[in-house]
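The structure appears below as structure tokens.
Values in this text are rule-based calculations from the coordinates and carry no lab data. Since we're looking at a predicted model, the values are computed, not measured. Every residue, glycine as well, gets a Cβ built from its backbone with ideal geometry; the counts of neighbours run over all protein chains shown.
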Amino acid sequence: MKTVLKITLGILLASVLLIGGCVALIGGAANEVQKENDKSAITSTQYRSIETGMTRDAVEDRLGAPTDESEYSSEIEGFDEPIGSSCIYYNRKGELLSLYQFCFDVNTGKLESKMGF
């Protein structure tokens, strides 16, 4: 009976150590991802300081280089200029998988909308 108890306790101890090690590794990795995310992230105060009508250059001067960007435009028959937006994105400081989006009119280059998600 003593041998079975020793084996059971050994397995239980090994399981606890294995689970604890996995939790520590995952926690450390999450912290590293958060640090990397925050390098190009902005605060909610910085987000609120950006006003519609600003140019992209003015926004980037204030916030730095964006994390990502995209452009959506269409040429519609009867219109002289394309219709669409050019959007830039910034990570939210202290949050993973959350972004701020700033979209500029493709013709005027002025900020027409912003939102966080």
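Points to keep in mind about this one:
- Listing LEU96, LEU63 from fewest to most neighbouring C-beta atoms within 10 Å gives LEU96, LEU63.
- Sequence of ILE11, ILE88, ILE83 once ranked by neighbouring C-beta atoms within 10 Å, starting from the fewest: ILE11, ILE83, ILE88
- Bridging of LYS35 to aspartates and glutamates at a Cα separation below 18 Å is possible for ASP68, GLU95, once same-chain residues fewer than 8 apart are set aside.
- Taking the average, over residues, of other Cβ atoms within 10 Å as the packing measure, peptides 67-75, 51-59 rank 51-59, 67-75 from highest down.
- Under 5 Å from the amide H of THR55 lie the amide H atoms of LEU111, each residue being 5 or more positions distant or on a separate chain, with H modelled from the backbone and absent for Pro and chain starts.
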